[in-house]
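The structure under discussion appears below in the form of C-alpha coordinates.
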(Lines give C-alpha, C1' and ligand atoms only; values in the text may rest on other atoms or scores of the structure.)
Protein backbone atom coordinates (compact mmCIF):
# COMPACT_ATOMS: atom_id res chain seq x y z
CA UNK A 1 0.00 0.00 0.00
CA UNK A 2 1.22 3.47 -0.88
CA UNK A 3 0.10 5.97 1.72
CA UNK A 4 1.11 9.49 2.80
CA UNK A 5 -0.20 11.99 5.35
CA UNK A 6 0.47 15.73 5.62
CA UNK A 7 -1.20 18.63 7.38
CA UNK A 8 -2.95 21.79 6.25
CA UNK A 9 -5.47 24.11 7.90
CA UNK A 10 -8.68 26.02 7.28
CA UNK A 11 -10.56 28.99 8.74
CA UNK A 12 -14.25 28.59 9.58
CA UNK A 13 -15.71 31.92 10.60
CA UNK A 14 -12.75 33.30 12.52
CA UNK A 15 -11.64 29.98 13.99
CA UNK A 16 -8.81 27.96 12.43
CA UNK A 17 -8.81 24.15 12.26
CA UNK A 18 -5.96 21.73 11.50
CA UNK A 19 -6.82 19.45 8.58
CA UNK A 20 -5.23 16.04 7.92
CA UNK A 21 -4.49 15.46 4.22
CA UNK A 22 -4.23 11.70 3.55
CA UNK A 23 -3.44 10.13 0.17
CA UNK A 24 -3.80 6.45 -0.70
CA UNK A 25 -2.64 4.96 -4.04
CA UNK A 26 -3.71 1.52 -5.28
CA UNK A 27 -3.66 -0.42 -8.54
CA UNK A 28 -6.43 -0.38 -11.14
CA UNK A 29 -7.87 1.87 -13.80
CA UNK A 30 -7.36 5.59 -13.28
CA UNK A 31 -9.66 7.15 -10.69
CA UNK A 32 -9.18 10.26 -8.60
CA UNK A 33 -11.56 10.80 -5.69
CA UNK A 34 -11.52 13.45 -2.99
CA UNK A 35 -13.52 12.82 0.19
CA UNK A 36 -14.21 14.73 3.40
CA UNK A 37 -17.03 17.16 2.51
CA UNK A 38 -15.09 19.17 -0.08
CA UNK A 39 -16.62 22.30 -1.59
CA UNK A 40 -16.45 22.91 -5.33
CA UNK A 41 -13.19 24.87 -5.03
CA UNK A 42 -11.62 22.01 -3.05
CA UNK A 43 -12.98 19.32 -5.37
CA UNK A 44 -11.51 21.14 -8.38
CA UNK A 45 -8.06 20.82 -6.85
CA UNK A 46 -7.66 17.45 -8.59
CA UNK A 47 -7.22 19.26 -11.91
CA UNK A 48 -5.03 22.06 -10.51
CA UNK A 49 -2.81 19.61 -8.65
CA UNK A 50 -2.48 17.23 -11.61
CA UNK A 51 -1.39 20.02 -13.97
CA UNK A 52 0.94 21.58 -11.37
CA UNK A 53 2.65 18.23 -10.73
CA UNK A 54 3.16 17.68 -14.48
CA UNK A 55 4.54 21.18 -15.04
CA UNK A 56 6.92 20.78 -12.08
CA UNK A 57 8.78 17.93 -13.76
CA UNK A 58 6.85 14.91 -12.46
CA UNK A 59 4.37 12.51 -14.05
CA UNK A 60 0.76 13.69 -13.88
CA UNK A 61 -1.61 11.44 -11.87
CA UNK A 62 -3.84 11.33 -14.96
CA UNK A 63 -1.10 9.54 -16.93
CA UNK A 64 -1.01 6.55 -14.59
CA UNK A 65 -3.38 3.61 -14.15
CA UNK A 66 -4.03 3.90 -10.46
CA UNK A 67 -6.72 4.75 -7.96
CA UNK A 68 -6.04 7.93 -6.03
CA UNK A 69 -8.05 8.56 -2.87
CA UNK A 70 -7.51 11.84 -1.02
CA UNK A 71 -9.18 12.25 2.37
CA UNK A 72 -9.48 15.53 4.24
CA UNK A 73 -10.15 14.98 7.93
CA UNK A 74 -12.10 15.60 10.10
CA UNK A 75 -14.73 14.48 7.60
CA UNK A 76 -17.66 16.28 9.27
CA UNK A 77 -16.12 19.73 8.72
CA UNK A 78 -17.06 21.34 5.40
CA UNK A 79 -13.85 22.06 3.48
CA UNK A 80 -13.68 25.45 1.78
CA UNK A 81 -11.00 27.22 -0.24
CA UNK A 82 -8.11 26.32 -2.51
CA UNK A 83 -5.26 26.40 0.00
CA UNK A 84 -5.11 22.57 0.32
CA UNK A 85 -3.45 22.29 -3.12
CA UNK A 86 0.14 22.38 -1.87
CA UNK A 87 -0.45 19.74 0.81
CA UNK A 88 -2.37 17.48 -1.62
CA UNK A 89 0.37 17.69 -4.27
CA UNK A 90 3.17 16.90 -1.80
CA UNK A 91 1.18 14.11 -0.16
CA UNK A 92 0.52 12.52 -3.58
CA UNK A 93 4.19 12.69 -4.57
CA UNK A 94 5.16 11.28 -1.18
CA UNK A 95 2.72 8.38 -1.46
CA UNK A 96 4.10 7.55 -4.91
CA UNK A 97 7.70 7.59 -3.54
CA UNK A 98 8.63 10.31 -6.04
CA UNK A 99 9.85 12.53 -3.25
CA UNK A 100 10.98 11.73 0.27
CA UNK A 101 11.02 14.06 3.25
CA UNK A 102 10.15 14.21 6.94
CA UNK A 103 6.59 15.59 7.33
CA UNK A 104 6.61 15.78 11.14
CA UNK A 105 5.99 19.27 12.52
CA UNK A 106 5.30 20.78 9.09
CA UNK A 107 2.11 22.43 7.83
CA UNK A 108 1.46 23.37 4.19
CA UNK A 109 -0.74 26.16 2.83
CA UNK A 110 -1.13 27.44 -0.72
CA UNK A 111 -3.14 27.36 -3.94
CA UNK A 112 -1.42 25.98 -7.04
CA UNK A 113 -1.74 27.41 -10.52
CA UNK A 114 -1.60 25.05 -13.49
CA UNK A 115 2.07 25.84 -14.13
CA UNK A 116 3.05 24.96 -10.56
CA UNK A 117 3.25 28.47 -9.11
CA UNK A 118 1.87 29.22 -5.64
CA UNK A 119 -0.89 31.80 -5.32
CA UNK A 120 -1.65 33.78 -2.14
CA UNK A 121 -4.44 32.73 0.20
CA UNK A 122 -6.68 34.37 2.78
CA UNK A 123 -6.51 34.01 6.56
CA UNK A 124 -2.79 33.21 6.73
CA UNK A 125 -2.29 34.90 10.10
CA UNK A 126 -5.03 32.91 11.86
CA UNK A 127 -3.87 29.67 10.24
CA UNK A 128 -0.26 30.14 11.35
CA UNK A 129 -1.36 31.06 14.88
CA UNK A 130 -3.34 27.81 15.00
CA UNK A 131 -0.32 25.88 13.70
CA UNK A 132 1.85 27.28 16.49
CA UNK A 133 -0.84 26.47 19.05
CA UNK A 134 -1.04 22.88 17.73
CA UNK A 135 2.71 22.41 18.13
CA UNK A 136 3.89 22.68 14.52
CA UNK A 137 7.44 23.94 14.04
CA UNK A 138 7.40 24.96 10.34
CA UNK A 139 4.77 26.42 8.01
CA UNK A 140 5.09 26.63 4.24
CA UNK A 141 3.12 29.45 2.58
CA UNK A 142 3.09 31.34 -0.75
CA UNK A 143 5.76 34.03 -0.92
CA UNK A 144 3.12 36.79 -0.94
CA UNK A 145 1.80 35.58 2.44
CA UNK A 146 5.21 35.16 4.11
CA UNK A 147 5.35 38.65 5.63
CA UNK A 148 1.89 38.24 7.13
CA UNK A 149 2.75 34.76 8.44
CA UNK A 150 5.99 36.03 10.00
CA UNK A 151 3.98 38.24 12.36
CA UNK A 152 3.47 35.08 14.42
CA UNK A 153 6.62 34.56 16.49
CA UNK A 154 7.92 31.21 17.71
CA UNK A 155 7.44 29.32 14.45
CA UNK A 156 9.57 29.04 11.28
CA UNK A 157 8.00 30.45 8.11
CA UNK A 158 9.00 29.35 4.62
CA UNK A 159 7.78 31.42 1.67
CA UNK A 160 7.80 29.76 -1.76
CA UNK A 161 6.88 30.85 -5.27
CA UNK A 162 6.51 27.39 -6.86
CA UNK A 163 5.83 23.77 -5.99
CA UNK A 164 9.28 22.88 -7.34
CA UNK A 165 10.91 25.23 -4.80
CA UNK A 166 9.15 23.51 -1.91
CA UNK A 167 10.18 20.07 -3.18
CA UNK A 168 13.81 21.17 -3.58
CA UNK A 169 13.80 22.60 -0.06
CA UNK A 170 12.32 19.42 1.45
CA UNK A 171 14.42 16.90 -0.50
CA UNK A 172 15.97 14.64 2.13
CA UNK A 173 18.82 13.70 -0.25
CA UNK A 174 19.81 17.28 -0.99
CA UNK A 175 18.37 19.53 1.73
CA UNK A 176 18.65 23.24 1.02
CA UNK A 177 17.30 25.96 3.25
CA UNK A 178 16.26 28.14 0.32
CA UNK A 179 12.88 29.31 1.60
CA UNK A 180 13.57 30.64 5.10
CA UNK A 181 11.72 33.90 5.74
CA UNK A 182 13.23 36.42 8.16
CA UNK A 183 10.90 37.69 10.88
CA UNK A 184 10.74 41.47 10.59
CA UNK A 185 9.79 43.08 13.91
CA UNK A 186 9.96 46.58 12.42
CA UNK A 187 6.35 46.14 11.27
CA UNK A 188 5.34 46.94 14.85
CA UNK A 189 7.06 50.32 14.78
CA UNK A 190 4.29 52.90 14.98
CA UNK A 191 4.40 55.28 12.05
CA UNK A 192 2.47 58.50 12.41
CA UNK A 193 0.30 59.31 9.41
CA UNK A 194 -1.07 62.67 8.37
CA UNK A 195 -4.80 63.17 9.02
CA UNK A 196 -6.97 63.25 5.92
CA UNK A 197 -9.04 66.01 7.53
CA UNK A 198 -7.57 68.17 10.31
CA UNK A 199 -10.01 69.52 12.89
CA UNK A 200 -8.33 72.91 12.57
CA UNK A 201 -9.63 73.18 9.00
CA UNK A 202 -13.27 72.62 10.00
CA UNK A 203 -14.83 76.02 10.63
CA UNK A 204 -17.00 76.37 13.71
CA UNK A 205 -18.88 73.30 15.00
CA UNK A 206 -17.12 73.58 18.36
CA UNK A 207 -19.88 71.60 20.11
CA UNK A 208 -19.49 68.72 17.63
CA UNK A 209 -15.69 68.77 17.89
CA UNK A 210 -15.92 68.60 21.67
CA UNK A 211 -18.27 65.60 21.39
CA UNK A 212 -15.82 63.85 19.05
CA UNK A 213 -13.05 64.40 21.59
CA UNK A 214 -15.17 62.83 24.35
CA UNK A 215 -16.13 59.95 22.08
CA UNK A 216 -12.49 59.20 21.21
CA UNK A 217 -11.36 59.46 24.84
CA UNK A 218 -13.92 57.00 26.24
CA UNK A 219 -14.91 54.95 23.15
CA UNK A 220 -18.43 56.37 23.28
CA UNK A 221 -20.84 55.97 20.37
CA UNK A 222 -21.92 59.23 18.76
CA UNK A 223 -24.66 60.47 16.42
CA UNK A 224 -24.29 63.64 14.32
CA UNK A 225 -27.54 65.03 12.96
CA UNK A 226 -28.36 68.19 11.06
CA UNK A 227 -29.12 69.59 7.60
CA UNK A 228 -27.15 68.41 4.55
CA UNK A 229 -23.80 70.06 3.89
CA UNK A 230 -23.04 71.03 7.47
CA UNK A 231 -19.86 68.93 7.75
CA UNK A 232 -21.08 65.70 9.37
CA UNK A 233 -19.09 63.45 7.04
CA UNK A 234 -15.99 65.66 7.32
CA UNK A 235 -16.17 65.49 11.11
CA UNK A 236 -16.47 61.70 11.00
CA UNK A 237 -13.36 61.37 8.83
CA UNK A 238 -11.40 63.73 11.09
CA UNK A 239 -12.36 61.56 14.07
CA UNK A 240 -10.23 58.56 13.07
CA UNK A 241 -6.97 60.43 13.75
CA UNK A 242 -8.01 61.25 17.32
CA UNK A 243 -7.74 57.59 18.31
CA UNK A 244 -4.59 55.97 19.74
CA UNK A 245 -2.66 53.51 17.57
CA UNK A 246 -3.55 49.83 17.96
CA UNK A 247 -1.61 47.82 20.53
CA UNK A 248 0.43 44.86 19.25
CA UNK A 249 -2.29 42.43 20.35
CA UNK A 250 -4.97 44.51 18.65
CA UNK A 251 -2.86 44.80 15.48
CA UNK A 252 -2.64 41.02 15.17
CA UNK A 253 -6.33 40.52 15.93
CA UNK A 254 -7.51 43.13 13.42
CA UNK A 255 -5.02 42.00 10.76
CA UNK A 256 -6.23 38.41 11.13
CA UNK A 257 -9.84 39.45 10.62
CA UNK A 258 -9.05 41.46 7.49
CA UNK A 259 -6.88 38.66 6.15
CA UNK A 260 -9.79 36.21 6.37
CA UNK A 261 -12.12 38.73 4.71
CA UNK A 262 -9.64 39.43 1.91
CA UNK A 263 -9.49 43.16 2.65
CA UNK A 264 -5.87 43.26 3.86
CA UNK A 265 -4.00 45.71 1.64
CA UNK A 266 -0.78 45.90 3.67
CA UNK A 267 1.47 43.72 5.80
CA UNK A 268 -0.26 44.70 9.04
CA UNK A 269 -2.90 47.20 10.15
CA UNK A 270 -1.36 49.78 12.49
CA UNK A 271 -4.31 52.20 12.73
CA UNK A 272 -7.85 51.57 13.96
CA UNK A 273 -9.88 50.54 10.90
CA UNK A 274 -12.53 52.90 9.54
CA UNK A 275 -15.42 51.15 7.79
CA UNK A 276 -18.07 53.15 5.97
CA UNK A 277 -20.65 50.91 4.24
CA UNK A 278 -23.31 52.47 2.00
CA UNK A 279 -26.87 52.52 3.33
CA UNK A 280 -27.98 50.19 0.51
CA UNK A 281 -25.58 47.44 1.69
CA UNK A 282 -27.22 44.10 2.46
CA UNK A 283 -27.80 42.70 5.93
CA UNK A 284 -25.12 39.92 5.68
CA UNK A 285 -22.52 42.35 4.32
CA UNK A 286 -22.88 44.61 7.37
CA UNK A 287 -23.78 42.21 10.18
CA UNK A 288 -22.12 39.10 8.77
CA UNK A 289 -23.53 35.76 7.75
CA UNK A 290 -24.10 33.70 4.64
CA UNK A 291 -24.47 29.95 4.17
CA UNK A 292 -21.00 29.64 5.66
CA UNK A 293 -20.92 32.60 8.13
CA UNK A 294 -18.35 35.24 7.27
CA UNK A 295 -17.53 38.51 9.08
CA UNK A 296 -19.41 41.64 8.06
CA UNK A 297 -18.58 45.34 8.29
CA UNK A 298 -19.19 45.48 12.04
CA UNK A 299 -16.47 42.86 12.55
CA UNK A 300 -14.13 44.52 10.05
CA UNK A 301 -14.55 47.66 12.20
CA UNK A 302 -13.39 45.78 15.33
CA UNK A 303 -11.13 48.03 17.47
CA UNK A 304 -11.95 50.86 15.08
CA UNK A 305 -14.81 52.95 13.74
CA UNK A 306 -18.06 52.06 12.01
CA UNK A 307 -19.34 55.14 10.19
CA UNK A 308 -22.96 54.84 9.07
CA UNK A 309 -23.90 57.85 6.96
CA UNK A 310 -27.63 58.44 6.34
CA UNK A 311 -28.27 56.22 9.38
CA UNK A 312 -32.10 56.02 9.19
CA UNK A 313 -31.86 55.00 5.51
CA UNK A 314 -30.28 51.67 6.46
CA UNK A 315 -32.56 48.65 6.51
CA UNK A 316 -34.47 48.50 9.79
CA UNK A 317 -33.24 44.96 10.39
CA UNK A 318 -29.62 46.17 10.09
CA UNK A 319 -30.19 49.01 12.56
CA UNK A 320 -31.88 46.76 15.13
CA UNK A 321 -29.15 44.12 14.78
CA UNK A 322 -26.63 46.65 16.10
CA UNK A 323 -28.09 46.23 19.60
CA UNK A 324 -25.96 43.20 20.55
CA UNK A 325 -22.58 44.43 19.25
CA UNK A 326 -23.10 47.92 20.74
CA UNK A 327 -23.83 46.32 24.11
CA UNK A 328 -21.53 43.28 24.17
CA UNK A 329 -18.84 43.97 21.55
CA UNK A 330 -19.65 40.83 19.58
CA UNK A 331 -22.27 39.34 17.26
CA UNK A 332 -23.69 35.82 17.15
CA UNK A 333 -24.45 34.39 13.70
CA UNK A 334 -26.68 31.34 14.08
CA UNK A 335 -27.33 28.77 11.37
CA UNK A 336 -28.84 25.30 11.39
CA UNK A 337 -25.33 23.78 11.49
CA UNK A 338 -24.16 25.85 14.43
CA UNK A 339 -23.38 29.30 15.81
CA UNK A 340 -20.38 31.49 15.08
CA UNK A 341 -19.25 34.34 17.32
CA UNK A 342 -17.55 37.33 15.68
CA UNK A 343 -15.89 40.18 17.60
CA UNK A 344 -17.44 43.60 16.96
CA UNK A 345 -16.16 46.14 19.49
CA UNK A 346 -16.22 49.41 17.58
CA UNK A 347 -17.11 53.08 17.98
CA UNK A 348 -20.30 53.84 16.09
CA UNK A 349 -20.52 57.20 14.34
CA UNK A 350 -24.01 57.69 12.93
CA UNK A 351 -24.75 60.67 10.69
CA UNK A 352 -28.24 61.64 9.65
CA UNK A 353 -30.48 64.38 8.36
CA UNK A 354 -33.33 65.49 10.66
CA UNK A 355 -35.88 64.47 8.01
CA UNK A 356 -35.94 63.05 4.45
CA UNK A 357 -35.68 66.51 2.86
CA UNK A 358 -33.07 67.57 5.43
CA UNK A 359 -34.61 70.95 6.30
CA UNK A 360 -36.58 70.15 9.45
CA UNK A 361 -35.60 72.47 12.31
CA UNK A 362 -33.62 74.82 10.04
CA UNK A 363 -34.43 78.26 8.66
CA UNK A 364 -35.56 76.71 5.39
CA UNK A 365 -39.06 75.30 5.03
CA UNK A 366 -39.40 71.54 5.52
CA UNK A 367 -41.53 69.94 2.79
CA UNK A 368 -41.97 66.56 4.50
CA UNK A 369 -45.48 65.41 5.38
CA UNK A 370 -46.04 64.83 9.13
CA UNK A 371 -46.52 61.12 8.53
CA UNK A 372 -43.26 60.96 6.55
CA UNK A 373 -41.35 62.80 9.26
CA UNK A 374 -42.80 60.58 11.97
CA UNK A 375 -41.97 57.41 10.05
CA UNK A 376 -38.43 58.61 9.41
CA UNK A 377 -37.73 59.22 13.08
CA UNK A 378 -39.49 56.00 14.15
CA UNK A 379 -36.89 53.98 12.24
CA UNK A 380 -34.65 54.60 15.24
CA UNK A 381 -36.08 52.58 18.11
CA UNK A 382 -35.69 53.53 21.76
CA UNK A 383 -33.13 50.76 22.45
CA UNK A 384 -30.91 51.99 19.60
CA UNK A 385 -31.19 55.64 20.70
CA UNK A 386 -30.27 54.61 24.26
CA UNK A 387 -27.16 52.78 23.07
CA UNK A 388 -25.74 55.92 21.46
CA UNK A 389 -23.98 57.94 24.17
CA UNK A 390 -23.62 61.32 22.46
CA UNK A 391 -26.23 63.07 20.30
CA UNK A 392 -24.92 66.17 18.59
CA UNK A 393 -26.81 68.66 16.43
CA UNK A 394 -24.61 69.97 13.60
CA UNK A 395 -26.14 73.27 12.48
CA UNK A 396 -25.50 75.35 9.39
CA UNK A 397 -22.68 77.86 9.67
CA UNK A 398 -22.99 81.49 8.67
CA UNK A 399 -21.01 82.65 5.64
CA UNK A 400 -19.05 85.00 7.87
CA UNK A 401 -17.97 82.07 10.03
CA UNK A 402 -17.00 80.03 6.97
CA UNK A 403 -14.81 82.83 5.66
CA UNK A 404 -13.05 83.29 9.02
CA UNK A 405 -9.31 82.82 8.47
CA UNK A 406 -8.71 81.76 12.07
CA UNK A 407 -8.26 78.04 12.65
CA UNK A 408 -9.36 76.11 15.70
CA UNK A 409 -7.41 73.48 17.62
CA UNK A 410 -5.56 71.00 15.43
CA UNK A 411 -6.16 67.26 15.47
CA UNK A 412 -2.77 66.75 17.11
CA UNK A 413 -3.59 69.05 20.05
CA UNK A 414 -6.93 67.34 20.69
CA UNK A 415 -5.36 63.91 20.27
CA UNK A 416 -2.86 64.62 23.05
CA UNK A 417 -5.75 65.19 25.47
CA UNK A 418 -7.42 62.00 24.26
CA UNK A 419 -4.24 59.99 24.84
CA UNK A 420 -3.86 61.46 28.32
CA UNK A 421 -7.47 60.53 29.18
CA UNK A 422 -6.98 57.02 27.79
CA UNK A 423 -3.87 56.60 29.94
CA UNK A 424 -5.83 57.62 33.06
CA UNK A 425 -8.50 55.02 32.26
CA UNK A 426 -5.96 52.25 31.72
CA UNK A 427 -4.41 53.01 35.11
CA UNK A 428 -7.86 53.10 36.76
CA UNK A 429 -8.85 49.66 35.48
CA UNK A 430 -5.40 48.04 35.72
CA UNK A 431 -6.40 45.82 38.65
CA UNK A 432 -9.81 44.89 37.27
CA UNK A 433 -10.53 41.18 36.89
CA UNK A 434 -11.97 41.81 33.41
CA UNK A 435 -9.99 43.42 30.62
CA UNK A 436 -11.27 47.02 30.57
CA UNK A 437 -9.39 49.90 28.97
CA UNK A 438 -12.06 52.62 28.55
CA UNK A 439 -15.00 54.04 30.47
CA UNK A 440 -17.58 52.86 27.95
CA UNK A 441 -16.71 49.24 28.74
CA UNK A 442 -17.84 49.56 32.37
CA UNK A 443 -20.81 47.50 33.51
CA UNK A 444 -23.35 48.43 36.18
CA UNK A 445 -21.25 46.97 39.02
CA UNK A 446 -18.16 48.77 37.70
CA UNK A 447 -20.04 52.09 37.70
CA UNK A 448 -20.86 51.66 41.39
CA UNK A 449 -17.18 51.00 42.12
CA UNK A 450 -15.45 53.60 39.94
CA UNK A 451 -17.98 56.45 39.73
CA UNK A 452 -18.69 58.09 43.08
CA UNK A 453 -20.85 61.22 43.33
CA UNK A 454 -21.30 63.46 46.33
CA UNK A 455 -24.82 63.39 47.87
CA UNK A 456 -25.53 66.88 46.49
CA UNK A 457 -24.38 65.96 43.00
CA UNK A 458 -26.29 62.65 43.13
CA UNK A 459 -29.49 64.54 43.97
CA UNK A 460 -28.92 66.98 41.09
CA UNK A 461 -28.27 64.15 38.66
CA UNK A 462 -31.30 62.11 39.75
CA UNK A 463 -33.54 65.16 39.43
CA UNK A 464 -32.23 65.87 35.93
CA UNK A 465 -32.57 62.21 34.91
CA UNK A 466 -36.20 62.25 36.07
CA UNK A 467 -37.00 65.38 34.04
CA UNK A 468 -35.33 63.93 30.93
CA UNK A 469 -37.05 60.56 31.53
CA UNK A 470 -33.78 58.67 31.14
CA UNK A 471 -33.97 54.89 30.96
CA UNK A 472 -31.66 52.91 33.29
CA UNK A 473 -29.32 52.30 30.34
CA UNK A 474 -29.25 56.00 29.41
CA UNK A 475 -28.75 56.85 33.11
CA UNK A 476 -25.58 54.76 33.19
CA UNK A 477 -24.47 56.11 29.81
CA UNK A 478 -24.52 59.67 31.16
CA UNK A 479 -22.43 58.65 34.16
CA UNK A 480 -19.81 57.01 31.93
CA UNK A 481 -19.67 60.06 29.65
CA UNK A 482 -19.29 62.31 32.71
CA UNK A 483 -16.38 60.16 33.89
CA UNK A 484 -14.70 60.60 30.50
CA UNK A 485 -15.24 64.36 30.58
CA UNK A 486 -13.61 64.44 34.03
CA UNK A 487 -10.66 62.44 32.67
CA UNK A 488 -10.22 64.98 29.87
CA UNK A 489 -10.31 67.65 32.54
CA UNK A 490 -7.62 65.69 34.50
CA UNK A 491 -10.00 65.58 37.46
CA UNK A 492 -10.10 62.62 39.85
CA UNK A 493 -13.63 63.53 40.92
CA UNK A 494 -16.72 64.05 38.78
CA UNK A 495 -17.92 67.62 39.26
CA UNK A 496 -21.24 69.31 38.59
CA UNK A 497 -20.03 70.77 35.29
CA UNK A 498 -19.08 67.30 34.06
CA UNK A 499 -22.55 65.92 34.80
CA UNK A 500 -24.29 68.88 33.17
CA UNK A 501 -22.16 68.60 30.04
CA UNK A 502 -22.85 64.86 29.80
CA UNK A 503 -26.61 65.49 30.11
CA UNK A 504 -26.40 68.02 27.27
CA UNK A 505 -25.55 65.18 24.85
CA UNK A 506 -28.76 63.25 25.47
CA UNK A 507 -31.22 63.39 22.52
CA UNK A 508 -34.39 65.46 22.49
CA UNK A 509 -35.84 64.93 18.99
CA UNK A 510 -34.94 61.24 18.65
CA UNK A 511 -36.59 59.70 21.70
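The values are calculated or read from the model by the stated rules, or taken from the named source; none is laboratory data. Please read all numbers here as calculations on a predicted model, not as lab measurements. Backbone-built Cβ (ideal geometry, glycine too); neighbour counts: all protein chains shown.
Here are a few things to note about the model shown:
- Here the stretch 285-300 is the region considered, the condition is being out of contact with any strand residue (DSSP E or B) (no Cβ under 7 Å at 6 or more places or on another chain) and at pLDDT 90 or above, and the residue that is nearest to residue 350 (Cα to Cα) is 286.
- Of the residues making up the stretch 245-267, at least one is part of a loop (DSSP other than H, G, I, E, B), in contact with a helix residue (DSSP H, G or I) (Cβ under 8 Å, 6 or more places away or on another chain) and under 30 Å from residue 317 (Cα atoms).
Results for (1) over 32 Å from the mean Cα position of the chain (by Cα); (2) free of Cβ contacts under 8 Å to residues at least 40 places away in the same chain, shown as yes or no for each residue.
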site	(1), (2)
338	no, yes
349	no, no
356	no, yes
393	no, no
396	yes, no
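- First in the stretch 54-67 and without any contact (Cβ under 8 Å) to a residue 40 or more places away in the chain and at negative phi, second anywhere and surrounded by fewer than 15 Cβ atoms within 10 Å (Cβ to Cβ) and part of a loop (DSSP other than H, G, I, E, B), Cβ under 8 Å, 6 or more apart: 54/60; 59/98; 61/30; 62/30; 64/30; 65/28; 65/29; 65/30
- Tallying residues that are buried (at least 17 other Cβ atoms within 10 Å of the Cβ) and within 14 Å of residue 503 (Cβ to Cβ) within the stretch 447-463 yields 3.
- Number of positions in the stretch 48-66 that are touching a strand residue (DSSP E or B) at 6+ places or on another chain (Cβ under 7 Å) and over 18 Å from residue 110 (Cβ atoms): 2
- Residue that is within 25 Å of residue 386 (Cα to Cα), touching a residue at least 40 places away in the same chain (Cβ under 8 Å) and assigned to a helix (DSSP H, G or I), where the choices are 497, 467, 449, 477: 477
- Verdict on residue 47 being loosely packed, with under 13 Cβ neighbours inside 10 Å and either within 39 Å of the chain's Cα centre (by Cα) or not in a strand (DSSP E or B) (or both): yes
- Scanning the stretch 321-355 for residues that are within 27 Å of residue 376 (Cα to Cα), out of contact with any strand residue (DSSP E or B) (no Cβ under 8 Å at 6 or more places or on another chain) and part of a loop (DSSP other than H, G, I, E, B) yields a single hit, 355.
- The single condition from (1) in contact with a strand residue (DSSP E or B) (Cβ under 6 Å, 6 or more places away or on another chain); (2) under 19 Å from residue 4 (Cα atoms) that residue 45 fails is (1).
- Residues within the stretch 251-267 that are surrounded by fewer than 18 Cβ atoms within 10 Å (Cβ to Cβ) and under 14 Å from the mean Cα position of the chain (by Cα), tallied: 3
- The helices (runs of 4 or more DSSP H) found entirely in the stretch 367-424 that carry 2 or more residues being at pLDDT 90 or above and closer than 30 Å to residue 279 by Cα are 382-387.
- Residue satisfying all of: in the stretch 78-120; buried (at least 23 other Cβ atoms within 10 Å of the Cβ) and under 20 Å from residue 294 (Cα atoms); modelled with the highest pLDDT among these: 84
- Of the residues making up the stretch 134-179, those that are closer than 21 Å to residue 253 by Cα, surrounded by fewer than 17 Cβ atoms within 10 Å (Cβ to Cβ) and modelled with pLDDT of 90 or more are 134, 135, 144.
- Against the conditions (1) modelled with pLDDT under 90; (2) in a loop (DSSP other than H, G, I, E, B); (3) closer than 18 Å to residue 219 by Cα, residue 303 satisfies every one except (1).
- Scanning the stretch 361-400 for residues that are closer than 20 Å to residue 231 by Cα and exposed (fewer than 12 other Cβ atoms within 10 Å of the Cβ) yields 363, 398, 399, 400.
- For beta carbons closer than 6 Å, sequence separation of 6+ or different chains, a first residue in the stretch 111-129 that is at positive phi and assigned to a strand (DSSP E or B) and a second that is buried (at least 20 other Cβ atoms within 10 Å of the Cβ) and at pLDDT below 95, there are no qualifying pairs.
- Subset of the stretch 67-100 (residues that are part of a loop (DSSP other than H, G, I, E, B) and under 19 Å from residue 15 (Cβ atoms)): 74, 75, 76, 77, 78, 80, 81, 83, 84
- Subset of the stretch 195-215 [touching a strand residue (DSSP E or B) at 6+ places or on another chain (Cβ under 8 Å) and farther than 16 Å from residue 419 by Cα]: 207, 208
- Members of the stretch 208-236 that are more than 23 Å from residue 384 (Cβ to Cβ), at pLDDT below 90 and assigned to a helix (DSSP H, G or I): 234
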